[in-house]
Amino acid sequence: MRIDVVTLFPEVCEPYFSASILGRAQSAGTVEIVCQDLRSFTTDRHRSVDDRPFGGGPGMVLMCGPIFDAVEAIESQDPRRATRILLTPQGRRLDQKMAGELASHERLILIAGHYEGFDERIRVGLKPLEISIGDFVLSGGEAAAMVVVDSIVRLLPGALGDDESSAEDSFSITAGDSEQCLEYPQYTRPRVFRDMTVPDVLMSGDHGRIRDWRTQQALERTKSRRPDLLPDTNSDGGEDLSNDG
Ligand SMILES: C[S@@+](CC[C@H](N)C(=O)[O-])C[C@H]1O[C@@H](n2cnc3c(N)ncnc32)[C@H](O)[C@@H]1O
């Protein structure tokens, strides 16, 4: 898989993509992540990427030209078809299911905004998938790009070591009729800490009982914290995440 991130601040994202699980996945050839400096796709002396909004108002708006040029140049660097993603608080909210679907794409191009956001014709002309990481506004799309990329890459086959499987993580773990639960509680040494003890069942060595306890805990935790994830209130039928969809 190849992921390009178009940004005004590649130096913000690069260290994150080089560290830990994402860095290892790149070294192993599971994914290639390329931070592309939006200013390198400008044509004028000042390397301009933004201008004042027509109609007035505060702030600066990212111009169409550099972003169209960036996307078209990056797409021509690799024959695999790319899915274009615009990071915006107005987009569809990222969740584990969306991350899983995007992990099956061969190429992604993420566009991080800044200032007041994008000229509307970027949406209209490039027809990107628009993704938000939550109902709040960040100063720029870099943190959002890191969140989206991390959530996808850790789902790629081989990205996590055997000890780090994502299958039992919250939103991937299944329990009872529910295809999405929160993870059960975890404990490690010491067995007693400030009068708080590890449940006996986890020390029993009985793997059947441990599995049942964890399933029960995952269900109870989901019921109390996120009942919306349980079957009768979960109505999401899935969506096509290609740029044609
Ligand atoms: C200050 S925001 C612009 C917000 C825009 N004026 C609006 O109200 O929709 C600048 C950039 O940060 C990124 N951004 C901010 N919040 C985000 C979120 N919740 N999810 C994804 N990207 C976000 C986007 O790339 C956006 O273009």
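Every residue in region 204-239 that is of a type in the set (A, V, I, L, M) and either at pLDDT below 95 or out of contact with any Asp or Glu (no Cβ under 7 Å at 6 or more places or on another chain) (or both), please.
Of the residues in region 204-239, the ones of a type in the set (A, V, I, L, M) are 210, 218-219, 229-230.
If the condition is that a residue be of a type in the set (A, V, I, L, M) and either at pLDDT below 95 or out of contact with any Asp or Glu (no Cβ under 7 Å at 6 or more places or on another chain) (or both), then I210, L219, L229, L230 are the ones that fit.
Only one of these is exposed (fewer than 12 other Cβ atoms within 10 Å of the Cβ) and outside any helix (DSSP H, G or I): A167, A159. Name it. Write out each step before concluding.
Details: A159 fails: exposed (fewer than 12 other Cβ atoms within 10 Å of the Cβ).
The unique qualifying residue is A167.
Can you report the number of residues in region 134-156 which are surrounded by 13 or more Cβ atoms within 10 Å (Cβ to Cβ) and in a loop (DSSP other than H, G, I, E, B)?
Keep residues of region 134-156 that are surrounded by 13 or more Cβ atoms within 10 Å (Cβ to Cβ), which gives 138, 140-156.
Next, only the ones that are in a loop (DSSP other than H, G, I, E, B) stay: 138, 140-141, 154-156.
Going through region 134-156 one residue at a time, the tally reaches 6.
Looking only at residues that are of a type in the set (D, E, K, R) and more than 19 Å from A73 (Cα to Cα) in region 89-126, which one is nearest to the ligand (Cβ to nearest atom)? Break it down into steps so the answer makes sense when it comes.
Filtering region 89-126 for residues of a type in the set (D, E, K, R) gives 92-93, 95, 97, 101, 106-107, 116, 119-121, 123.
Next, from what is left, pick out any that are more than 19 Å from A73 (Cα to Cα): 92-93, 95, 97, 101, 116, 119-120.
Values: R92: 10, R93: 9, D95: 13, K97: 17, E101: 18, E116: 5, D119: 11, E120: 11 Å.
It comes out as E116.
Evaluate the following for V31: is it within 26 Å of N243 (Cβ to Cβ), within 16 Å of the ligand (Cβ to nearest atom) and assigned by TED's automatic domain parsing to the domain that holds R121? Break it down into steps so the answer makes sense when it comes.
Values: within 26 Å of N243 (Cβ to Cβ): yes; within 16 Å of the ligand (Cβ to nearest atom): no; assigned by TED's automatic domain parsing to the domain that holds R121: yes.
Taking the combined requirement at face value, the residue does not satisfy it.
Filter region 157-211 down to the residues that are under 32 Å from the mean Cα position of the chain (by Cα) and of a type in the set (G, A, S) and list them by number.
Correct list: G158, A159, G161, S165, S166, A167, S170, S172, A175, G176, S178.
Output the residue which, of all residues in region 71-88 that are within 14 Å of the ligand (Cβ to nearest atom) and out of contact with any Gly (no Cβ under 6 Å at 6 or more places or on another chain), is nearest to E168 (Cα to Cα). Please lay out each step first, then the result.
Let us first name the residues in region 71-88 that are within 14 Å of the ligand (Cβ to nearest atom), namely 84-88.
With out of contact with any Gly (no Cβ under 6 Å at 6 or more places or on another chain) added as a condition, the list becomes 84-86, 88.
Values: R84: 30, I85: 28, L86: 30, T88: 30 Å.
In this case the residue turns out to be I85.
The values are calculated or read from the model by the stated rules, or taken from the named source; none is laboratory data. Owing to the predicted nature of the structure, the values given are computational and were not obtained by experimental measurement. Don't worry about glycine lacking a Cβ; one is built from the backbone with ideal geometry, like all the others, and counts go over all protein chains shown.
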